[in-house]
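Just below is one structure, and these are the notes that go with it.
The values are calculated or read from the model by the stated rules, or taken from the named source; none is laboratory data. Predicted model only: the values in this text are computed from it and were never measured. Cβ coordinates were reconstructed from backbone atoms using ideal geometry, including for glycine residues, and neighbour counts include every protein chain displayed. For accessibility, only protein heavy atoms count, side chains too; no ligands or nucleic acids. Shrake-Rupley method; radii C 1.70, N 1.55, O 1.52, S 1.80 Å.
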Amino acid sequence: MTRRLFSFVGILIGLILAALVAGAAYSALKAPLGTTPNSNLDPENCSPGPCANLNGFTIWVSKVHVNNDIVHMTVKFQNSSAATHVAPEDLNPIDSGRRSSIPFAGIAGCKSFARHEFSGGQTFGPVDICFRVADSTPPFILHWTPDIGAFCCERDITIYPT
């Protein structure tokens, strides 16, 4: 009886440790935030910044400016990855108060785009997008989650008005 109890407790402790290691490994996959203005240049050599390259899928952000509570920016994509498309829901802007929003259209200089299918090194954009912020103090973060795979990839791009 005691032997079974020790075996059960040993297996339970092993499963808990395995779950902790898996959680730590998953959280280690997230990229750190950039700390200097418009210099999020990745080892994949995307430039000029701010930009991000995730397994051959590149986004460039430019012409960032703030007008009251609306942040305007221009984004451009190039896809040489396994992904097949880009969509507005792949972009999640976050203000300095860590509140997120979604890109919107309907005012001058703010456009929307539909899901765009492309691959093989093709480009899409530039597209002028906007989002509303509760805190207009820079920096802002553009959280990008392209559809490259179940466990890959997402990136936070730190952006400052230019």
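Here are some notes:
- Within this structure, Ala87 fails the test of being among the small types (Gly, Ala, Ser) and either over 15 Å from the mean Cα position of the chain (by Cα) or surrounded by 17 or more Cβ atoms within 10 Å (Cβ to Cβ) (or both).
- Answer residue from the stretch 90-105, given it is assigned to a loop (DSSP other than H, G, I, E, B) and of a type in the set (Gly, Ala, Ser) and is farthest from Pro161 (Cα to Cα) among those: Ala105
- Condition met for Ile102 (closer than 14 Å to Thr145 by Cα and modelled with pLDDT of 85 or more): no
Yes/no matrix, rows are residues, columns are (1) modelled with pLDDT under 90; (2) assigned to a loop (DSSP other than H, G, I, E, B):
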site: Leu5; (1), (2): yes, no
site: Gly23; (1), (2): yes, no
site: Thr36; (1), (2): yes, yes
site: Lys76; (1), (2): no, no
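- Qualifying residue in the stretch 147-157 (condition: more than 15 Å from Cys51 (Cβ to Cβ), modelled with pLDDT of 90 or more and open to solvent by 50 Å² or more (accessible area, probe 1.4 Å)): no
- When every residue of the stretch 148-159 is checked against the conditions, at least one turns out to be within 19 Å of Gly56 (Cβ to Cβ), assigned to a loop (DSSP other than H, G, I, E, B) and either in contact with a helix residue (DSSP H, G or I) (Cβ under 7 Å, 6 or more places away or on another chain) or among the charged types (D, E, K, R) (or both).
- Only one of the listed residues (Lys76, Lys111) is touching a residue at least 12 places away in the same chain (Cβ under 8 Å) and within 17 Å of Ser47 (Cα to Cα). That residue is Lys76.
- Of all the criteria given as (1) within 18 Å of the chain's Cα centre (by Cα); (2) among the charged types (D, E, K, R); (3) at negative phi; (4) open to solvent by 50 Å² or more (accessible area, probe 1.4 Å), the one not satisfied by Glu117 is (1).
- Residues in the stretch 120-136 that are open to solvent by less than 20 Å² (accessible area, probe 1.4 Å) and not in a strand (DSSP E or B): Val133 alone.
- Filter pass, Ala105 being among the small types (Gly, Ala, Ser) and out of contact with any Cys (no Cβ under 8 Å at 6 or more places or on another chain): no
- Qualifying residue in the stretch 106-118 (condition: touching a Ser or Thr at 6+ places or on another chain (Cβ under 7 Å) and part of a loop (DSSP other than H, G, I, E, B)): no
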